[in-house]
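Everything below concerns the one structure shown next.
The values are calculated or read from the model by the stated rules, or taken from the named source; none is laboratory data. Not measured: the values here are computed from a predicted model. In this analysis, Cβ positions are derived from the backbone assuming ideal geometry, glycine residues included, and neighbour counts consider all displayed protein chains.
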Amino acid sequence: MDAPVFYYDLSSPYAYLAASRVDETLPVRPEWRPIAFGVIVRARGKVPWSFAEDRHKDFDEIAGRARARGLPEVRYPEGWPLETYSLAPLRALLVAADQDQLRAASLELYRTMFAEGRHLADVETVLEAVARAGMDPEAVRQQLATDEVKDRLRAQTDTALAAGVEGIPTVQVGEQLFWGDDRLEDAAAALSSR
């Protein structure tokens, strides 16, 4: 059986919530796969909820879920989401040595963004966060703009698009897609029935 895939982008507070529990919720540890959600949005012609005027209702829902899970109060960086979106933190993740380091760096970047309220469009902030996760910040800096890293992010995003991913977070179990932090239990049930 193929491992499930956890698709995410660091700009989403719902993906932050899912990342905090996906490994414990699913009966099989998923492969974490960062993708460029901005590309998904453009390709699908969608307008994210975070751009809507009534987005405060989602803020309330996110805050409640974070409290219920014992996570720090969710803080949004100034200018989120338009002014804070960047491919740099996603590219930094692709420098990780393995899935364990990728998970640790992802969680540290999420904490920086949504617990500290610092935006990830600043490369120095990204490098500080990945260093706290055990990555060599200078090695990350050197690889951020390489064609290899850019191509890998593009390929992962294209794979997600081809699989039918509409939003993040999404867990893929075989051909089934489970979109949303609130769908992790459905993904777990699908995995358990295989």
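For the list (1) out of contact with any strand residue (DSSP E or B) (no Cβ under 6 Å at 6 or more places or on another chain); (2) surrounded by 10 or more Cβ atoms within 10 Å (Cβ to Cβ), I need the number of the one condition that GLY70 fails.
Answer for GLY70: the failing condition is (2).
Of all residues in the stretch 14-45 being in a helix (DSSP H, G or I) and at pLDDT below 95, which is surrounded by the fewest Cβ atoms within 10 Å (Cβ to Cβ)?
Ranking the candidates gives ARG42 first.
Hey, among ARG21, ARG29, ARG42, ARG111, which residue is of a type in the set (Lys, Arg), touching a residue at least 24 places away in the same chain (Cβ under 8 Å) and within 16 Å of ILE168 (Cα to Cα)?
Details: ARG29 fails: within 16 Å of ILE168 (Cα to Cα); ARG42 fails: touching a residue at least 24 places away in the same chain (Cβ under 8 Å); ARG111 fails: within 16 Å of ILE168 (Cα to Cα).
Every option except ARG21 fails the conditions.
Would you say GLY167 is modelled with pLDDT under 95, in a loop (DSSP other than H, G, I, E, B) and closer than 19 Å to ALA18 by Cβ? Spell out how you get there, then give the answer.
Values: modelled with pLDDT under 95: yes; in a loop (DSSP other than H, G, I, E, B): yes; closer than 19 Å to ALA18 by Cβ: yes.
In short, yes.
Return the total of residues in the stretch 64-95 being modelled with pLDDT under 95 and small (Gly, Ala, Ser).
Total satisfying the criteria: 2.
Restricting to the stretch 120-132, give me the number of residues that are buried (at least 20 other Cβ atoms within 10 Å of the Cβ), outside any helix (DSSP H, G or I) and more than 14 Å from the chain's Cα centre (by Cα).
0
Confirm whether ARG132 is among the basic types (Lys, Arg), in contact (Cβ under 8 Å) with a residue 40 or more places away in the chain and over 18 Å from ALA3 (Cβ atoms). Walk me through how you get there before you give the answer.
Working: among the basic types (Lys, Arg): yes; in contact (Cβ under 8 Å) with a residue 40 or more places away in the chain: no; over 18 Å from ALA3 (Cβ atoms): yes.
For ARG132, the condition - among the basic types (Lys, Arg), in contact (Cβ under 8 Å) with a residue 40 or more places away in the chain and over 18 Å from ALA3 (Cβ atoms) - is not met.
For a quick check of your reading: which helices (runs of 4 or more DSSP H) sit entirely within the stretch 50-117 and have at least 2 residues that are under 16 Å from the mean Cα position of the chain (by Cα) and not aliphatic (A, V, I, L, M)?
88-93, 99-110
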